[in-house]
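Shown next, in structure tokens, is the structure this report addresses.
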Amino acid sequence: MVATDTKMILFGAPGSGKGTQALKLAKELKLKSISLGDILRLEVSKASDLGKQVHEYMQKGLLVPDGLVSKVIEENLISGGFILDGYPRNLDQAKTLDDILTRKNLKLDFFIYLEIDENTITKRLLKRGRGDDDPLVIKKRWEVFIEECNKILKHYKNKKKLIIVDGRGGIDEVFSRIKDVLK
Ligand code: AP5
Ligand code: MG
């Protein structure tokens, strides 16, 4: 069984299932789920200062500037276990996260990469239809992801935290795969 102070990151392309799997894992393992995308969308809906600053980037499928999101992460990462979804997304963010964890005396246990292809995620996202699930924006989000993906994977491989999980198939199938690798 996974310890209740386990700290993990779920990484993957848009539509790879990060949010879906994070919620299922959080419930089963009694860990806190932190979704940066959800936090930012809430700020947009409240039309807060942060929400106003990030809205346009999100609509276009571009990354919000690192300085804006690192503050959010710093505030949300507290002691105890967590499943972080949506951060880091580039090497600078990965290094910022390393610093935040060191400062807070926290240690990451797993970095899980949900591997998936563009075709599958496009179908899933078009079916969902969130504000940024438009064909052109999905394409942009995929490109932004691909641009940084290998650098991030290398960073966590070097730290011996990287676990690759096949993100294809049904939700429960992927969930079982993740639970298997955590054993
Ligand atoms: P974010 O909200 O994180 O969006 P994303 O990365 O594009 O990913 P999604 O939330 O669309 O997909 P997901 O992997 O969570 O999959 P989900 O479980 O939802 O970020 C949005 C924006 O915020 C970014 O574009 C950026 O602008 C900004 N942002 C966020 N983080 C940032 C950062 N660190 N730095 C800078 N900017 C940042 O599943 C998708 C759909 O598929 C659902 O309908 C689900 O039901 C379905 N589904 C899931 N799994 C399966 C399955 N196995 N089979 C069938 N359907 C499935
Ligand atoms: Mg999500």
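Structure data summary
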| item | result |
| --- | --- |
| Accessible area per residue in Å² at 1.4 Å probe, computed on segment 113-181 | 62 |
| Stretchable slack from K52 to S176, in nm (0.36 nm times residue separation minus alpha-carbon distance) | 40.8 nm |
| Charged-residue dipole, Cβ positions (Lys, Arg, Asp, Glu), the chain about Cα centre, Debye nearest 20 | 360 |
| Principal axis box of the chain, alpha-carbon based, largest edge first, Å | 40, 37, 29 |
| Positive-pole candidate from S176, V44, I121, dipole of segment 36-183, charges at beta carbon | S176 |
| Computed E for L42/T4 - FRET, C-beta separation, R0 25 angstrom, nearest 0.05 | 0.45 |
| Surface share of carbon and sulfur [accessible, 1.4 angstrom probe, percent] for segment 24-148 | 52 |
| Potential extension, D134-K161 segment - 0.36 nm per residue separation minus Cα distance | 6.4 nm |
| Spin-label model distance (nm) - R168 vs K104, 7 Å beyond Cα toward Cβ | 3.6 |
| Spatial separation of Cα centroids for segment 8-43 and segment 133-183, in angstrom | 12 |
| Computed magnitude of the charge dipole of segment 48-130 (debye, nearest 20; Cβ of K, R +1, Cβ of D, E -1) | 340 |
| Listed peptides 122-128, 101-107 by packing density, highest first (mean Cβ within 10 Å) | 122-128, 101-107 |
| Per residue accessible area in Å² of segment 1-78, where ligands, DNA and RNA are left out and the probe is 1.4 Å | 50 |
| Most positive-pole-ward Cα, M58, T6, L68, against dipole of the chain from beta carbon charges | T6 |
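The values are calculated or read from the model by the stated rules, or taken from the named source; none is laboratory data. Keep in mind the model is a prediction, meaning the values are calculated, not measured. Positions of Cβ are generated from backbone atoms using ideal geometry, with glycine treated the same way; all protein chains shown enter the neighbour counts. All accessible areas refer to the heavy atoms of the entire protein, side chains included, with ligands and DNA or RNA removed. Shrake-Rupley method; radii C 1.70, N 1.55, O 1.52, S 1.80 Å.
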